[in-house]
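Below: one structure, written as structure tokens.
Please treat every number below as a calculation from the coordinates, not as lab data. Here the structure is a predicted model, which is why all the values come from computation and not from measurement. So basically every Cβ, Gly included, is an ideal-geometry build from the backbone, and we count neighbours across all protein chains shown.
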Amino acid sequence: MGRLKPLMVRQPRIFWRKNYIFALAFALLLALPFIFTAHFQHHVMIKVLMFTFLGCAWNIIGGYTGQVALGHAAFFGIGAYTSSLCYIWFGLNPWFGMFLGGILAVAVSAVINYPCFRLHGRYFAIATLALGMIIRLLFTNWRLVGGALGVRLPLLPESLWNFQFHTTKLPYYYIALVLCALIFAILYKIERSKLGFYLRAIKESEEAARSLGIDVAKYKLVAMSISVFFTAMAGTLYAQYILYIDPISLMPLMTSILICVVPVLGGAGTLWGPALGAPILLIAIEYSRAWLGGGGRGIDYMIVGAIMVAIIFRPGGLTSFFQGPRFRQWWRRIRG
Amino acid sequence: MKLLEVKGLTKKFAGLVANDSLDLEIDQGEIVGLIGPNGSGKTTFFNCICGVYPVTKGSVRFEGREITNFPAHKICKGGIARTFQLVNTLMNMTALENVMVGAFCRTTNTNRAREIAEELLEFSGLPEKKDILGSDLTIADKKRLEVARALATKPRLLLLDEAMAGLNPTEQKEAVELIRRIQREGITLLVVEHVMQVIMPLCERLVVLDAGKKIAADVPERIANDERVIKAYLGERYYAKRATLRSE
Ligand SMILES: Nc1ncnc2c1ncn2[C@@H]1O[C@H](COP(=O)(O)OP(=O)(O)O)[C@@H](O)[C@H]1O
Ligand SMILES: [Mg+2]
């Protein structure tokens with residue numbers, strides 16, 4: 001068939017010429033830490049990137065597949081604990097620990113989340129939420145891994161290999177940026193592959209999906225595994241950044257909810273959703289904490305709550321504003 | 001060897017016998033019609049063959065292979081596709097993407113899947129609708145899309161559940177034409193339909209269900225004169241007439 005339009009296999013050169021806006025955005029992100037130079041601003045920027053990454057990871061199971069999982073903080077925690085403890089106990093380099101944490105998260109999730117796939121909608125959400133909290137309780141009471149006191153990572157000379165930086169936090173920003181670029185590329189690929197089509201079909205109708213030959217349980221498991229693998233990777237990044245982990249700060253309910261609200265605010269099941277949601281939410285939360293002191297006043301909870309209410313009126317999230325025909329026209333004109 | 005061989009298939013829903021010991025054999029290349037009043041168990045029969053419901057008793061064989069109670073996705077992979085009476089369109093996906101999901105059953109290549117989907121949209125008369133969202137299609141187009149999507153899985157047996165209900169006479173004629181074209185592609189069909197004038201000339205063989213039981217199976221001409229069939233249908237027509245009288 002000669003009519004085939006090679007939409008997906010663009011030449012890389014043409015890709016960049018056509019998508020110079022992406023290139024520009026990436027260049028801006030590279031330069032951003034030199035425009036906003038304060039320590040706290042760097043801290044906020046790292047958090048924004050980390051939650052963009054986490055939001056992308058959640059999007060695979062929660063957005064594309066439509067299975068609203070609310071226990072992802074547990075896998076974030078598993079990633080942080082795995083790399084940290086493997087370093088302390090066995091001297092394993094945290095980069096390998098990051099990988100190992102991902103694998104462990106996949107294993108744990110296969111055991112505890114697989115049975116949840118029989119549940120739908122809010123029942124699935126509640127089950128994963130409860131399981132997440134149980135894992136946090138386990139860690140809180142588990143002496144061997146430091147219990148409620150947590151674990152302090154030993155200080156090492158700063159280097160990329162050691163995954164530790166002390167004089168400036170900037171390297172963490174660039175590591176997070178690379179991770180975000182990685183997950184963006186993977187999601188871009190998934191969206192255009194059989195896997196992406198299957199996940200979206202499952203979200204639309206499991207009955208139709210089954211009738212078209214899709215093993216729904218298997219693909220939900222695949223989506224969940226990819227999702228928790230990346231979630232755990234972010235856990236290692238966080239542990240290396242803070243250099244101190246404990247169950248209370250690592251796996252609170254708030255983290256699970258944020259991981260879900262970031263992409264939902266931006267647009268669940270869209271590539272750009274998390275990148276839109278994360279800056280809005282994280283800047284609001286971090287600055288309200290800084291100004292009002294310690295986060296103890298719960299302003300951050302109120303912000304997240306208010307945004308969750310707002311989403312009811314615009315379920316498509318922010319990206320849905322950019323999907324009308326008028327925007328598409330304008331976008332085509334810009335891209336030439 | 002028969003393409004499909006159903007023996008003594010029984011399905012009970014908490015006491016209600018929706019399918020009562022049904023036997024059915026279909027040969028390669030046939031179009032078989034399955035008719036019967038509402039609630040006689042036609043959709044349930046499809047769902048039992050396709051692994052949506054576990055059967056209570058009986059067996060289903062396809063191309064000589066035992067497939068009773070196989071999960072739905074394996075049935076599809078095995079070569080049986082179906083459409084839904086209540087259309088099950090993937091609403092937030094375009095017509096093209098809907099069919100591509102089906103096409104991925106036989107290929108992992110996205111470009112190949114798009115190629116297959118475009119061909120099938122053309123085949124089923126929807127080429128200019130390919131970029132329209134499932135939710136924005138008319139009911140007639142949704143039904144055609146359902147057929148195209150099922151065909152994309154490359155079935156050897158296609159089960160159509162009231163693919164013509166709710167269509168106007170022109171659309172019905174197009175649908176009949178589509179079914180004939182599907183047959184010419186070498187695909188065997190089992191068709192559930194209500195519209196007698198449509199199904200009589202289309203099928204080589206008719207099977208009639210009433211209250212879960214098979215009450216007749218024969219060529220259309222003889223079915224039309226079968227006393228029990230007339231009674232089952234007359235009864236329904238009678239009730240329908242009463243209902244319209246009352247509502248007027
Ligand atoms: N999932 C179900 N649970 C309980 N009863 C059902 C179910 N599906 C169908 N039935 C019953 O089985 C009978 C046959 O229904 P169905 O197969 O849909 O008939 P048809 O398609 O011939 O109109 C009906 O009485 C219906 O109420
Ligand atoms: Mg029916």
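Tabulated data for the structure shown
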| quantity | calculated |
| --- | --- |
| Cross-link pairs beyond the 30 Å C-alpha cut-off, checked among B:LYS42/B:LYS154; B:LYS77/B:LYS142; A:LYS194/B:LYS7; A:LYS218/B:LYS173; B:LYS11/B:LYS77 | A:LYS194/B:LYS7; A:LYS218/B:LYS173 |
| Theoretical gain in end-to-end length, A:SER249 to A:TRP89 [0.36 nm per residue, Cα-Cα removed] | 55.4 nm |
| Relative packing of peptides A:166-175, B:197-206 - highest average C-beta neighbours within 10 Å first | B:197-206, A:166-175 |
| Along each principal axis, Cα extent of the stretch B:136-239, largest first, Å | 40, 29, 24 |
| Convex hull volume per residue in cubic angstrom - Cα atoms of the stretch B:80-154 | 74 |
| Charge context of B:ASP20, other residues only, Cβ under 12 angstrom, K/R +1, D/E -1 | +3 |
| Modelled FRET efficiency - R0 41 Å, B:MET91 with A:ARG152, Cβ distances, 0.05 increments | 0.20 |
| Aspartates and glutamates whose Cα lies under 16 Å from that of A:LYS203, excluding same-chain neighbours fewer than 8 positions away | A:GLU191, A:ASP215, B:GLU97 |
| Separation of the A:TRP331 and A:LEU137 label points, Cα + 7 Å toward Cβ, nm | 4.5 |
| Antiparallel content of DSSP bridges confined to the protein assembly as shown, in %, to 5 | 60 |
| Among beta bridges that DSSP assigns inside chain B, antiparallel share in %, nearest 5 | 55 |
| For the stretch A:99-191: rounded, prolate or oblate by the Cα gyration tensor [a/c cutoff 1.5] | oblate |
| Within the protein assembly as shown, helix-based [θ] at 222 nm, where runs of 4 or more DSSP H residues each add -39,500 (n - 2.57), nearest 500 | -18500 deg cm²/dmol |
| Estimated FRET transfer efficiency when R0 is 22 angstrom, pair A:TYR301-A:GLN41 (beta carbons, to 0.05) | 0.40 |
| Peptide-level mean, for B:100-106, of C-beta atoms on other protein chains within 10 Å | 6 |
| Reference-scaled alpha-carbon Rg (2.2 N^0.38 Å with N residues) for the stretch A:36-253 | 1.05 |
| Highest-fluctuation residue, B:LEU126, B:LEU34, B:LEU151 considered, GNM on chain B with Cα pairs under 10 Å | B:LEU126 |
| Residues B:ASN225 and A:ARG118, FRET efficiency given R0 of 51 Å [Cβ-Cβ distance, rounded to 0.05] | 0.55 |
| Packing rank of A:227-235, B:41-49, B:73-81, where each peptide gets the mean count of other beta carbons within 10 Å, highest leading | A:227-235, B:41-49, B:73-81 |
| Protection-proxy order for peptides A:202-209, B:128-135, each taking the mean of Cβ atoms within 10 Å per residue, highest first | A:202-209, B:128-135 |
| Global size of the protein assembly as shown as Cα Rg and Dmax, reported in angstrom | 28.7, 94 |
